[in-house]
Amino acid sequence: MPRIVGVDLPREKRVDVALTYLYGIGKFQSVKILTQAGIDLTTRAKDLTDDQIIKINGILSQNYKVEGDLRRDISQNIRRLIDIGAYRGTRHRRGLPVRGQRTHTNGRTRKGPKAGVGMKKKTPVAGGKKA
């Protein structure tokens, strides 16, 4: 199993798809990286040689932020917005949509399941019979 930047790539997938398993690398970037490294796109990940893996690692370390570094940068950017009291920071802190979406009727992905107000559980009637 090829290991690139600390991530095990799936063995049976094509290399251009397998590289997208790295955080911060999409389809377009993976094709660009493989072209730079001179690797055929139809190669399977299990068929990569050690030299090819070293080439890919070199390209990634020189030109791209991936995995831990990228996650750290993103979290620091969010933390900075929260610290300076920016509107976007307060939206992050409250767990609400950040990019201007409406929340009156939608936004359940960020807000979580609807909290019912005034909803009561029905209590069962004693003896199990309806009155």
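Each Lys and Arg contributes +1 and each Asp and Glu -1, all at the Cβ; summed about the Cα centre of the range 1-85, the dipole is approximately 200 debye. Scanning residues 5 or more positions from residue 11 or on other chains, none has an amide H under 5 Å from its amide H, with H placed 1.01 Å from N in the peptide plane. For the range 14-47, chymotrypsin sites (Phe, Trp or Tyr not before Pro) are listed when DSSP marks them as loop and at most 15 other Cβ atoms sit within 10 Å of their Cβ; the list is 23. Only DSSP H runs of four or more residues enter the estimate; each adds -39500 (n - 2.57), and after division by the residues of the chain the mean residue ellipticity at 222 nm equals -13000 deg cm²/dmol.
Which of the residue pairs 32/55; 65/111; 13/65 have a Cα-Cα distance greater than 20 Å in the structure shown? The partial results should precede the final answer.
Values: 32/55 13 Å; 65/111 30 Å; 13/65 23 Å.
Over 20 Å apart, Cα to Cα: 65/111; 13/65.
For residue 46, the aspartates and glutamates whose Cα falls under 16 Å of its own Cα, not counting residues fewer than eight places away in the same chain, are 8, 12, 16. Under 5 Å between amide hydrogens, built in the peptide plane, is the criterion, and for residue 23 it picks out 67 among residues at least 5 positions away or on other chains.
Between the listed residues 23, 42, 4, the Cα displaced farthest toward the positive end of the dipole of the range 3-64, a dipole computed from Cβ unit charges relative to the Cα centre, is found at 23.
Could you tell me which trypsin sites (Lys or Arg not before Pro) in the range 31-131 are loop residues by DSSP with no more than 14 other beta carbons within 10 angstrom of their beta carbon?
99, 102, 114, 120, 121, 122, 129, 130
No value in this document is a laboratory result; all are computed from the given coordinates. Treat the numbers as computed from the prediction; the structure is a model and nothing was measured. Every residue, glycine among them, receives a Cβ derived from its backbone with ideal geometry; neighbour counts consider all protein chains shown.
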